[in-house]
Amino acid sequence: MSQFHWNPETYLDLIRAEVPRFDELQRAAVDAVPFAPDRVLELGMGTGETTRVLLEAYPDAWVIGLDSSPEMVFRLRREYDGVMLARMEDPLPDGPWDLVISVLSIHHLTDQVKQLLFRRVREQARALVIGDVVQAEQQVTPIDPDVDFVDTPEELAEWCDGEVTWRADDLAVVRATYA
Ligand SMILES: C[S@@+](CC[C@H](N)C(=O)[O-])C[C@H]1O[C@@H](n2cnc3c(N)ncnc32)[C@H](O)[C@@H]1O
């Protein structure tokens, strides 16, 4: 699921074809949020589908998000204030955050960078929720080994000191609660 081919206009159709349980994953990620969050940081907003589902569940949440794709950010800014063109590898916007959430984005980071990111999140956030493609016996989602670095859910949970709350096929949700 190379990030370089996403076009905001066709993204949702394509991702739903590549990730048949896409909508279930969004719901499972939001279901894993451990408390009603006020201040949320979203990493890799895409077209804002995760944001939309999160705000349906928590309409009073204030979401700041970032994405490294100028096309996605341009599109997102039609609907959301507080969207930044930035990479997850860059310094994060200043917290504290009640929740950091990221769906189908973390797997674009190498394992070392993921672990660094989780340490930085932990310093600033009360909770972290990750929904992503993971290693599984049957890999459903097409993987491009140059840009998709897929781990087991247990590895993700260990690195962020969290727990696996949901899994189906090659998708999983991991939640860590810090305070
Ligand atoms: C597959 S989309 C997921 C978007 C949304 N969360 C969803 O579930 O529909 C992944 C997004 O992460 C962004 N992305 C990839 N690598 C990134 C990075 N290193 N820093 C920030 N955003 C990144 C891509 O531009 C893309 O918009």
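The values are calculated or read from the model by the stated rules, or taken from the named source; none is laboratory data. Just so you know, these numbers come straight off a predicted model, no measurement behind them. When we count neighbours, we look across all protein chains shown, and the Cβ atoms used for this are built from the backbone with ideal geometry, even at glycine.
For this structure, a couple of remarks:
- Selection over the stretch 84-118 of residues that are away from the ligand (no atom under 11 Å from the Cβ) and either within 13 Å of the chain's Cα centre (by Cα) or over 14 Å from R175 (Cα atoms) (or both) gives a count of 13.
- Annotation: of all residues in the stretch 136-148 being out of contact with any helix residue (DSSP H, G or I) (no Cβ under 6 Å at 6 or more places or on another chain) and surrounded by 16 or more Cβ atoms within 10 Å (Cβ to Cβ), the one that is farthest from R87 (Cα to Cα) is A136.
- Note on the stretch 39-73: among residues that are buried (at least 21 other Cβ atoms within 10 Å of the Cβ) and acidic (D, E), the one that is farthest from D132 (Cα to Cα) is D67.
- Some residue of the stretch 84-96 being buried (at least 22 other Cβ atoms within 10 Å of the Cβ), touching an Asp or Glu at 6+ places or on another chain (Cβ under 8 Å) and modelled with pLDDT of 95 or more: no
Results for (1) within 13 Å of the ligand (Cβ to nearest atom); (2) surrounded by 15 or more Cβ atoms within 10 Å (Cβ to Cβ); (3) at pLDDT below 95; (4) in a helix (DSSP H, G or I), shown as yes or no for each residue.
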site: N7; (1), (2), (3), (4): yes, no, yes, no
site: E24; (1), (2), (3), (4): yes, yes, no, yes
site: P37; (1), (2), (3), (4): no, yes, no, no
site: E79; (1), (2), (3), (4): no, no, yes, no
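- Options G65, G46: the member that is of a type outside the set (S, T, N, Q), within 10 Å of the ligand (Cβ to nearest atom), part of a loop (DSSP other than H, G, I, E, B) and under 16 Å from the mean Cα position of the chain (by Cα): G46
- For the stretch 157-175, the criterion of being charged (D, E, K, R), part of a loop (DSSP other than H, G, I, E, B) and in contact with an Asp or Glu (Cβ under 6 Å, 6 or more places away or on another chain) is met by none of the residues.
- Subset tally (residues that are within 18 Å of P20 (Cβ to Cβ) and of a type outside the set (A, V, I, L, M, F, W, C)) for the stretch 154-179: 3
- Test: residue in the stretch 63-73 that is of a type outside the set (F, W, Y), in contact with a Gly (Cβ under 7 Å, 6 or more places away or on another chain) and touching a residue at least 60 places away in the same chain (Cβ under 8 Å): yes
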